Structure formats: C-alpha cells, structure tokens
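One structure is given below, encoded as structure tokens.
Derivation of every value follows stated rules applied to the coordinates shown; laboratory data play no part. Computed from a prediction, not measured in an experiment: that's the story for all the values here. Virtual Cβ from ideal backbone geometry, glycine too; neighbours counted across all protein chains shown.
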Amino acid sequence: MAVSAKTRAKTRAKTKREPRPRLSRERVLRAAMAHADKSGLETLTMRKLAKELGVEAMSLYNHVANKDDLLDGMIDIDRRSERRPRLDDIE
C-alpha cells in the first residue's frame, strides 16, 4: 500500500519537535534549586526535574552522577552566592 505525499507531510509535521534547550550542569543545578525553593526539597526527584527542563530523566545523568551529586552541587552554588563579609564589616 502506497502512502500519499500528503500523508507523509502530515506525519513529518506531527513528528517535528521544537529544539530542546541545551543542558549544562549549572542549568540543571539552578533548576533544582528553583524547584526546591518553590515546592520543597523533599519533593525534588530526577523525573520531576527533567520534566521541568523538558528532557528525559536519563539526560540529567550526563551532568550529575546521581541525586547526592545534585544536592552537593546545589549546596556549592548556594555557598558561592552567599555574601562574603568584607574586612570593613568585621570589628
């Protein structure tokens, strides 16, 4: 049975996806922090995080080894963003 050109065009249109945004460790960690701030750390799962980023959960493992690595990275970012006291502030 031959498939018409019109049917092939419709199929291509349906399967055409928008380009996914590039992932990076920083982007994954920042998204995890935003999720934890909004919904609580206890609700953070790799699947939920992946869904928020528009990717499959396994894609996250190219940027973090596991959930412990994700949490460690979140702590590192948080520590980097804390205000460091200036010498003038210390009496």
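For the range 43-82, GluC sites (Glu not before Pro) are listed when DSSP marks them as loop and at most 15 other Cβ atoms sit within 10 Å of their Cβ; the list is 56, 82.
Measuring nothing but alpha carbons in the range 22-80 and taking Rh as the Kirkwood radius, the Rg to Rh ratio lands at 0.91. Summarising the label geometry, the points placed 7 Å from Cα in the beta-carbon direction at residue 56 and residue 43 lie 2.7 nm from one another.
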